[in-house]
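Report on one structure; see the data block that follows.
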Amino acid sequence: MNRPRKRPRKPMIKSASPSTLKHKKSKKTVPKKNRYIIPPLMNPASPMSVPTQPLPNRNVMVPVNEIPAAEVDTPQVRSYMEESGMYDVFRFPVIDWDFRWQRPQQISQQFAQHGHRVFYITTGVTALQKDATYEEVAQHVKIKRIEPNIWLVTLCAHQRLNLYRDQMSQADIQYLSWSVDYVRDRFQVHHLVSIVDLPFWTPLVTAMENHNLLYDCMDEHNGFSTNEKAVIRQEEHLARKANLVLASSQLLYERMQALHSSTLLLRNAADVAHFSSQAIPAPELDSIQGPVIGYYGAISDWFDIRLVEKLAAKRPEWTFILIGHTFGCDTSTVEKLPNVLLLGEKPYTELPSYLQQFDVAIIPFLQNELTRATNPVKLYEYLSAGKPVVSTYLPELEVVADGLTTIARTPEAFEDAIECSLMENDPQQMELRQQYAQTHTWEMRYQELHQTIQRQLFPKVSIVILTHNNWAYTRQCLFSLQKPNRYPNLEIIIIDNGSTDETPHHLSELDPDLFRVIYASSNLGFAAGNSLGCRKATGDYIILLNNDTIIPDESWIQRLIAPLEKNLDIGMSGPMSNHVGNDQAVDHFVGNPVDGAHPQWLHDFYQYYKGSYRYTELLGFFCVAMKRSVFEKIGGLDSKYGIGMFEDDDYCERVKRAGYKLLIVEDAFVYHHGSATIKKLKPDEYDTLWQRNKAYYEQKWSKTWQLPKRPENLFFGAETNEEVAGRLKKNNQKCILVLGGREWSRRSIRWQQLVKQLAASTEWVVIIHLTKYYHHDIVGIRKAGPQMYMTNRLDLFSLVPFEYILYCGENEAVPDFHTHHQVIDSLSYHAHQLEDLRMSLKDYRIFDERQAHLLVHQLLVPNQSLTMEGTHS
């Protein structure tokens with residue numbers, strides 16, 4: 001029961017080191033593994049020199065039926081780049097970090113000490129109380145690093161919010177969401193677990209995207225008198241929307257399990273080392289004569305103060321030490337008793353000094369809805385110190401520490417239990433209590449929770465990569481896979497198909513915690529090699545990945561497997577790419593063979609295609625993801641296709657005939673150099689292989705092989721303004737022309753914000769007049785989003801009847817273009833520019849809406865005609 005009544009603070013801690021939070025406890029660190037890290041490849045097209053030293057014995061080529069996993073023992077210094085993939089944690093708490101040290105802080109600190117970044121949200125928000133933009137909200141988000149891997153974050157809302165009474169408005173949700181987006185963008189958070197302690201946060205966390213939602217139900221919220229019923233009513237929605245639910249007691253577990261099948265009973269625990277250590281006795285207790293009966297924690301309306309009063313009055317020789325704030329509890333009577341000491345709240349770091357002097361530790365709670373569901377943290381802490389514990393009836397104590405605590409159901413029984421505990425002089429009992437506590441530490445709770453998160457929220461993914469020489473490409477691919485914050489539950493299986501260059505030597509130096517290397521004595525071919533890798537895979541999902549690819553960022557795996565998790569009828573999924581021979585090819589790409597995709601282009605690409613996917617008849621096997629169950633049902637790739645070609649067409653056919661669909665994930669991207677190995681064949685060898693495999697495919701499936709679909713572009717092949725206008729007319733969609741700046745840059749300027757908002761529409765075709773995109777020339781008509789096109793050839797659109805022409809940066813009017821409405825965004829111009837533009841236009845309307853998304857909404861869903869000349873909105 002962690003709820004604060006006032007806002008007491010923990011004592012100011014000058015150092016940010018965790019050791020200052022607990023007595024003489026050293027900070028845990030993530031052990032570093034000394035393994036080889038592949039440095040960045042500057043020029044993948046240039047072959048690297050072959051090492052002069054002979055290959056180690058473990059790289060000897062072996063027959064396929066005797067292939068071992070690689071053994072690695074080369075010690076090298078590792079950098080942060082090599083740390084295991086870690087998910088980050090956002091904690092949406094019920095109490096502040098500097099309040100009484102309880103479950104939220106303990107578990108958060110465990111995550112941090114095991115290498116996860118933890119962003120602990122404060123219970124207070126910054127109220128802007130104005131119409132703000134994303135940029136303005138971002139400026140007011142407060143972030144403070146308080147310990148290694150732990151940051152306190154104060155979000156922004158429209159109004160002041162009280163967690164226990166208030167409900168969020170739509171404006172609050174928007175500002176809070178923008179605040180979270182800013183933190184995620186600033187810290188490059190890709191794999192996120194959001195742990196929510198209180199239903200108040202429900203509207204925010206259910207509006208967030210691309211995160212795993214975990215509800216930690218640690219209290220019966222109905223039992224707190226400070227909680228408004230409207231806030232509590234959100235709990236059921238929160239539990240049902242969560243990916244995983246935790247419960248701290250059996251009663252809460254049973255209630256949550258009725259709402260969510262993935263519920264984990266994760267009881268509280270103790271920092272045993274902290275409470276079992278020998279601390280300097282508290283000076284306040286030095287003068288006490290006789291037995292000390294002690295309690296620490298909240299002294300509120302669930303605390304049985306009358307029981308303590310009766311016991312203290314009846315047994316004046318006992319001294320009752322009560323530590324904690326007393327808000328919500330009438331202590332006026334016990335304050336008059338000489339043998340009851342109310343010491344107020346004490347810092348967590350000092351509690352062992354008091355606990356050490358307790359002869360008996362007590363938990364005197366009333367019987368109510370709240371206490372029946374509680375699993376007291378203090379119980380584990382009392383036992384850590386080996387103290388005898390006497391408690392009023394709590395259901396949890398019947399199953400927790402059975403035989404090591406005494407449950408008293410009446411005041412008389414409580415008194416007798418204390419007396420018996422005082423008479424106890426059994427070192428073995430003390431040892432048993434401490435032994436029990438040592439099996440219930442926060443470290444153990446973290447391990448159990450982490451394993452559950454790994455298993456349920458980040459299912460294991462096996463990446464299978466074939467190599468045959470071309471170490472330069474392989475090196476670049478593997479380096480991109482080892483970026484920081486990679487997918488948290490990953491194995492990479494490399495099948496070396498009889499390489500004769502330096503590839504086997506370098507593969508032998510890879511970290512065995514991440515890589516499994518299998519060496520074949522000869523080239524097994526694409527189909528047989530991948531099938532071998534799939535059979536060795538242990539993941540729930542398998543991704544076949546060419547070695548001539550570059551992974552752009554840490555989100556690619558989650559993007560590929562998310563549709564497979566949600567839809568049982570999808571057998572395989574694949575990303576978009578710059579180089580692929582079907583409709584997975586992007587029409588507009590900015591990048592290079594060294595770095596892969598341009599990071600700003602990639603950011604825009606994800607935004608334009610957000611959540612977009614489509615079904616297809618064929619997936620390119622440069623990168624394809626599938627459920628393990630699909631591979632087990634379909635079987636391996638057909639090895640009769642030899643070293644390559646048509647085996648991907650064949651496997652797609654098998655998957656479809658098994659009743660599955662093939663999906664292109666349009667907001668996923670993988671850079672592909674393209675046929676790095678197969679292109680090394682001589683022309684006549686290539687043609688012979690092509691014809692042979694094509695004939696085998698057609699004979700096997702009794703049909704003629706068809707060329708794959710070309711990339712999607714509404715204007716593909718259109719070379720005249722008549723053809724362009726005809727395509728749009730046939731498409732029967734409204735069209736808007738955006739005239740902003742001529743060069744797209746990384747600066748988030750006004751007209752680019754408007755374009756991104758327009759690109760989100762699926763009902764309008766958006767045409768942008770551009771000459772450059774991140775310094776790369778725009779030539780012709782390039783498709784940048786599902787309905788978004790960029791062009792340097794404005795003349796090709798001269799016959800198009802635009803619904804709108806939006807001026808948002810262009811200073812000159814476009815003559816002789818057909819449009820129903822000309823609209824000016826006044827905030828894109830200086831006063832004199834705006835005046836000049838108005839003078840050159842006849843019919844127009846001016847908008848001065850600050851919020852880009854609201855302006856776009858007014859354009860696309862207008863409430864009135866926009867044809868009035870010279871009018872102002």
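Read-outs throughout are calculated quantities, based only on the coordinates presented, and are distinct from any laboratory measurement. Just so it is clear, the structure is predicted and the values come from calculations on it, not from any experiment. Using ideal geometry, Cβ is built from the backbone for each residue, glycine included, and neighbour counts are taken over all protein chains shown.
Structure summary
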{"quantity": "Amide H within-cut-off set for residue 493, under 5 Å, with H built and near neighbours excluded", "calculated": "463, 464, 465, 516"}
{"quantity": "Karplus-derived 3J(HN,Hα), 6.51/-1.76/1.60, for each residue of region 445-454, Hz, glycine and proline x", "calculated": "5, 4, 4, 5, 5, 4, 4, 5, 4, 4"}
{"quantity": "For region 708-725, 3J(HN,Hα) per residue [Karplus equation, 6.51 cos²θ - 1.76 cosθ + 1.60, θ = phi - 60°, Hz, x = Gly/Pro]", "calculated": "x, 4, 7, x, 6, 7, 4, 10, 4, x, 6, 10, 10, 5, 5, 5, 5, 5"}
{"quantity": "Region 85-265, dipole about Cα centre (Lys/Arg Cβ +1, Asp/Glu Cβ -1), debye to the nearest 20", "calculated": "180"}
{"quantity": "Farthest toward positive dipole pole in the chain [+1 Lys/Arg, -1 Asp/Glu at C-beta], among 429, 308, 413", "calculated": "429"}
{"quantity": "Protection-proxy order for peptides 358-370, 714-726, each taking the mean of Cβ atoms within 10 Å per residue, highest first", "calculated": "358-370, 714-726"}
{"quantity": "Proximal aspartates and glutamates relative to residue 700, as straight alpha-carbon distance under 16 Å, when same-chain residues fewer than 8 apart are discounted", "calculated": "638, 647, 648, 649, 650, 653"}
{"quantity": "Residue (of 589, 738, 607) at the positive-pole extreme of the chain, dipole from beta-carbon charges", "calculated": "589"}
{"quantity": "Nonlocal amide H pairs with residue 773, under 5 Å, H built at 1.01 Å", "calculated": "744, 778"}
{"quantity": "Point-to-point label distance, residue 424-residue 614, nm (Cα→Cβ direction, 7 Å offset)", "calculated": "7.2"}
{"quantity": "Residues residue 367 and residue 243, FRET efficiency given R0 of 35 Å [Cβ-Cβ distance, rounded to 0.05]", "calculated": "0.50"}
{"quantity": "Three-way shape label, region 459-701, alpha-carbon gyration tensor, a/c 1.5", "calculated": "rounded"}
{"quantity": "Relative contact order of region 272-437, defined on C-alpha pairs under 8 angstrom at six or more residues apart (%)", "calculated": "24"}
{"quantity": "The chain: relative contact order as a whole-number percent, Cα under 8 Å and 6+ apart", "calculated": "10"}
{"quantity": "Distance between modelled label sites at residue 393 and residue 700, nm, 7 Å Cα→Cβ extension", "calculated": "7.1"}
{"quantity": "Dimensionless Rg over Rh [region 113-203; C-alpha; Kirkwood]", "calculated": "0.96"}
{"quantity": "P(r) tail fraction, the chain - alpha-carbon pairs more than 54 Å apart, %", "calculated": "28"}
{"quantity": "222 nm mean residue ellipticity, helices alone, for the chain (DSSP H n ≥ 4; -39,500 (n - 2.57); rounded to 500)", "calculated": "-8500 deg cm²/dmol"}
{"quantity": "Reachable aspartates and glutamates, given that their alpha-carbon falls under 14 Å from the alpha-carbon of residue 336 and they are not under 8 places away in the same chain", "calculated": "309"}
{"quantity": "Two-site FRET efficiency, residue 288 against residue 160, from Cβ-Cβ distance with R₀ of 60 Å, rounded to 0.05", "calculated": "0.85"}
{"quantity": "Added length on full extension, which subtracts the Cα-Cα distance from 0.36 nm per residue, residue 314 to residue 639", "calculated": "108.2 nm"}
{"quantity": "FRET efficiency, 1/(1 + (r/R0)^6) with R0 25 Å, evaluated for residue 733 and residue 841 via beta carbons", "calculated": "0.50"}
{"quantity": "Environment charge at residue 448 (Cβ cut-off 12 Å; Lys +1, Arg +1, Asp -1, Glu -1)", "calculated": "+2"}
{"quantity": "Furthest towards positive pole of dipole, 86, 101, 183, structure part region 85-265, Cβ charges", "calculated": "101"}
{"quantity": "Two-site label geometry, residue 122 and residue 187: point separation in nm, points 7 Å out along Cα→Cβ", "calculated": "1.5"}
{"quantity": "Net +/- balance of residues flanking residue 655 in space, Cβ distance below 13 Å, scoring K and R +1, D and E -1", "calculated": "-3"}
{"quantity": "Debye intensity ratio I(q)/I(0), log10, region 721-872, q values 0.16, 0.19, 0.21 Å⁻¹ (C-alpha model)", "calculated": "-0.86, -1.27, -1.59"}
{"quantity": "For region 85-265, radius of gyration divided by Kirkwood radius, i.e. Rg to Rh on alpha-carbons", "calculated": "0.94"}
{"quantity": "Inter-centroid distance (Cα atoms) of region 771-834 relative to region 308-363, Å", "calculated": "75"}
{"quantity": "Cross-link pairs 661/709; 627/783; 536/627; 130/610; 460/483; 640/703 - those with Cα-Cα distance over 21 Å", "calculated": "627/783; 130/610"}
{"quantity": "Candidate aspartates and glutamates - alpha carbon under 16 Å from residue 310, same-chain residues fewer than 8 apart omitted", "calculated": "330, 335, 412, 415, 416, 419"}
